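Have a look at the structure below, then the notes.
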Amino acid sequence: MDLLCPLFFCYNGECKLGGTTVTYNKILKQRRQALQLSIQDISSQTRLAPNYIQALEENHLEVFQGDVSFIRYFVQAYCEAIGVNYAAISDEVETVLAAYSRQYAAYTQTQEPQAAPKAEKAAPAAQKKRTTTKAKSKKNKNLSKNKLVRSIQKMNRSKHAHVYQLIACGVVVVLFLSIVNAGLSYRTNKRLAQEEAQRQTEIKQKEKETAQLANQKKTSDSESSKTVKLKASDKDNNVYEVSGIVGHSDEVTVTVTLPEDSTVAVYKDDELITDDADKVYSGTFKQTFKVEDACLIQVEIGTYSNNKIRLNGKSVSFSKANWTEGTSAVLYFDILDKNGKSSEKDTDSSTTDSSQDESADTSYDASYDQSYDASYGTGEDYTGETY
């Protein structure tokens, strides 16, 4: 048993609706209504005219004018649109179509004109009179026919003239639209060409400005590299004095190549100026920052692997004298001000003052010890006895 929908069942070519036998056209109609679809909805899905759908549902097959193959295709399309199994109702459809085909063939045969019976041979006098009457009638018919032909020809000429007028109007309209379209296309192409030329000009101008900025940056970096001077103040501990930055470019650019991924941290007077001290970089690390006065720059490389280090384009060597493998590599850059003074001058002066104080204390202690030794160095007490 084939399931057509929740309500329709077919068994041995007989379709039933809830136990009641129904024809296939009623099955289609009731199935459509059960789905709450209109004839127009089915027409939109199947691309078939609504009047054909209605004729099929009402079993008015005469509107199809004997085209059985079209009816069969129509039913299949209808079944597919509403989810009915065509195979289950195909036997009934073929039976109905065969009966309809026979009826349509019999109907067309009855519509064919039958040959008129031959008249009996009339008497000679009656035949002559009939011949004269027939000749007059024929002449009158010919006159009427000629008049009708002339009228028809006149009407045809009038119709042809009207058709020619319509064709001429159509040609004029097409030519007018072509001219308008050509004008619009010309204006559009001209506008697009102007916009493209303007865009190319802007692109060239931007490229020129970019090249100028790049040249200025290159020149600035070159001049900065020329003015910057590096001097190793403590090479074993990687301490450098840097002059020629403050009062010139006022910028410091630190570049570190990283053969292996590593953290890189940059400090300015013990203040972290990179994003994150634990951030891992790969390839090349580069950072530029402003310096307006003397300061101490500290560069710390988490994993040292023969990195190439540059400060404002100047190559800096890393000494491994006091470095332990597996620890961070640290370099110190003492940025001097425009007068060549270090940021640690206060510390140096305080260190000098402290040294002087210590020297004074030492001198005092030494004089005290000498006077003590002069007074009591014999080891004798107040009785004069020797210890």
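Couple of notes before you dig in:
- For segment 229-345, a crude dipole built from +1 on the beta carbon of Lys and Arg and -1 on the beta carbon of Asp and Glu, taken about the Cα centre, is about 600 debye to the nearest 20.
- Residue separation of LEU296 and THR210 scaled by 0.36 nm, minus their Cα-Cα distance, works out to 27.5 nm of gained length.
- Evaluated over segment 267-315, the Cα radius of gyration and Dmax, each in Å: 11.7, 32
- The length gained on full extension between ALA277 and SER44, counted as 0.36 nm times the residue separation minus their Cα-Cα distance, comes to 77.0 nm.
- Alpha-carbon centroids, segment 227-296 and segment 46-92: separation in whole Å: 87 Å
- Among TYR281, TYR52, TYR73, TYR164, sorting on how many other beta-carbon atoms sit within 10 Å of each Cβ, with the fewest leading, yields TYR164, TYR73, TYR281, TYR52.
- Checked against a 22 Å cut-off, the cross-linked pairs LYS231/LYS341; LYS231/LYS279; LYS208/LYS314; LYS290/LYS341; LYS290/LYS314 give Cα-Cα distances beyond that limit for LYS231/LYS279; LYS208/LYS314.
- Extending 7 Å from the Cα toward the beta-carbon at both ALA232 and SER343 defines two label points whose distance is 2.3 nm.
- Residues HIS248, HIS60 in ascending order of nearby Cβ atoms (within 10 Å, fewest first): HIS60, HIS248.
- Of every Cα-Cα pair in segment 229-345, the percent that sits beyond 17 Å: 52 percent
- Fewest neighbouring Cβ atoms within 10 Å first, the residues GLU57, GLU80, GLU196 line up as GLU196, GLU80, GLU57.
Since every read-out is calculated from the coordinates, none of them should be taken as a lab result. Since the model is a prediction, treat every value here as computed from it, not as a measurement. Using ideal geometry, Cβ is built from the backbone for each residue, glycine included, and neighbour counts are taken over all protein chains shown.
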